[in-house]
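In what follows, a structure is listed as structure tokens, so that the remarks can point back to it.
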Amino acid sequence: DCFDGVRIEKGSAENLLVENVEAYDCDNCGFRIGNGVTADGVIFRRCVSHDNAGGDDSDGFAINNSAFAKNVRFEFCHAFQNGASGFAISTGEAPTGENVVLYGCVAHHNGSLTWGANFRCKKAGVQFISCAGWLTGPTGEPNFVMYGNDILLLNCTSGANDNRGIVVSGKNVRIKNCVIARSKGSAIGLIKVRVDTTPACTVENSLIYDCASPGAFPVGILGNANADPKFINPEANDYRI
């Protein structure tokens, strides 16, 4: 029992590697960068965060609003059954292009306690590469929720979900070489959350399969298609191609 499993806060953290660490049963977040820290060159590699569900802020991995984070990477990390989001990347004070990357990360069954997506991003310029998410908790939120601008989703997979696969509220969100499958709502939804913001995304070379509707997914142009991606075993949540 603890508040956060691994918390990086206050002062500065440079060239730090957190590798092969498991955080679970925490009252708050599994892994967090927050509380005014300047984080530069921080890597979380092959870390697992699960069953952290003590309060409303129970994310698996998080970068707080109060953190100045650049050159931060999450590599092959796994988040599941956390109370809030699996990965929550908030706005912070860093400018666009601070090089926050999630590579090969997996998130599923998050939002077990309160509102929570598998991947939620409010920061501009973040890259999601080869990430996969499926199924959220009882509130049934989307797999990917992109509030920030200039975000890239490359080679990502959105699997089964009771809601939409991907929700976009920012501008210039690029979705490329992705698969969106088995959403009971639309594949991609554009949601305007502020009066001064009109969401916009581009989708290229991607597949939609077995969703209730395409939503903002442009089928038949830019290499996009409605076709079976031929997952190995989607019924067992094996979303490899």
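Residues that are outside any strand (DSSP E or B) and among the hydroxyl-bearing types (Ser, Thr, Tyr) within segment 1-59 comprise just one, SER58.
Quick check on ASN64: is it closer than 21 Å to LEU17 by Cα, at pLDDT below 95 and not hydroxyl-bearing (Ser, Thr, Tyr)? In short, yes.
Filtered by the rule that a residue be surrounded by 21 or more Cβ atoms within 10 Å (Cβ to Cβ) and not small (Gly, Ala, Ser), segment 108-122 gives HIS108, ASN110, ASN118, PHE119, ARG120, CYS121. Against the definition (within 29 Å of CYS178 (Cβ to Cβ), among the aliphatic types (A, V, I, L, M) and touching a residue at least 12 places away in the same chain (Cβ under 8 Å)), how does ALA62 come out, yes or no? Yes; evaluated as a whole, the condition is true for this residue. Going by the conditions given, is GLY83 more than 18 Å from TYR147 (Cβ to Cβ), in contact (Cβ under 8 Å) with a residue 24 or more places away in the chain, within 13 Å of the chain's Cα centre (by Cα) and open to solvent by less than 40 Å² (accessible area, probe 1.4 Å)? Here the answer is no, as GLY83 does not meet what is asked.
Considering segment 14-43, and only residues there that are open to solvent by 10 Å² or more (accessible area, probe 1.4 Å) and among the aliphatic types (A, V, I, L, M), the residue that is nearest to the chain's Cα centre (by Cα) turns out to be ILE43.
So that you can scan it fast, the table gives a plain yes or no per residue for (1) of a type in the set (Val, Ile, Thr); (2) crowded, with 17+ Cβ neighbours inside 10 Å; (3) without any contact (Cβ under 8 Å) to a residue 24 or more places away in the chain:
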| residue | (1), (2), (3) |
| --- | --- |
| VAL6 | yes, yes, no |
| SER12 | no, no, no |
| HIS50 | no, yes, no |
| SER66 | no, no, no |
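Remark: pairs (first residue in segment 26-43, without any contact (Cβ under 8 Å) to a residue 60 or more places away in the chain and among the charged types (D, E, K, R); second residue in a strand (DSSP E or B) and surrounded by fewer than 22 Cβ atoms within 10 Å (Cβ to Cβ); Cβ separation under 7 Å; 6+ apart in sequence or on different chains) = ARG32/ARG7; ASP40/GLU14; ASP40/LYS70.
Based on what the data block shows, is THR198 under 26 Å from ASN82 (Cβ atoms), among the β-branched types (Val, Ile, Thr) and at pLDDT below 95?
no
For segment 73-83, state whether one or more residues are at pLDDT below 95, touching a Phe, Trp or Tyr at 6+ places or on another chain (Cβ under 8 Å) and within 17 Å of PHE31 (Cα to Cα). No, that holds for no residue.
Taking segment 86-99, which residues are at pLDDT 95 or above and over 11 Å from the mean Cα position of the chain (by Cα)? If the condition is that a residue be at pLDDT 95 or above and over 11 Å from the mean Cα position of the chain (by Cα), then no residue fits. Considering the conditions (1) in contact (Cβ under 8 Å) with a residue 40 or more places away in the chain; (2) under 17 Å from the mean Cα position of the chain (by Cα), ASN163 is excluded by exactly one of them, (1).
The values are calculated or read from the model by the stated rules, or taken from the named source; none is laboratory data. Not measured: the values here are computed from a predicted model. So basically every Cβ, Gly included, is an ideal-geometry build from the backbone, and we count neighbours across all protein chains shown. Side chains included, ligands, DNA and RNA excluded: accessible areas come from the protein's heavy atoms. Shrake-Rupley method; radii C 1.70, N 1.55, O 1.52, S 1.80 Å.
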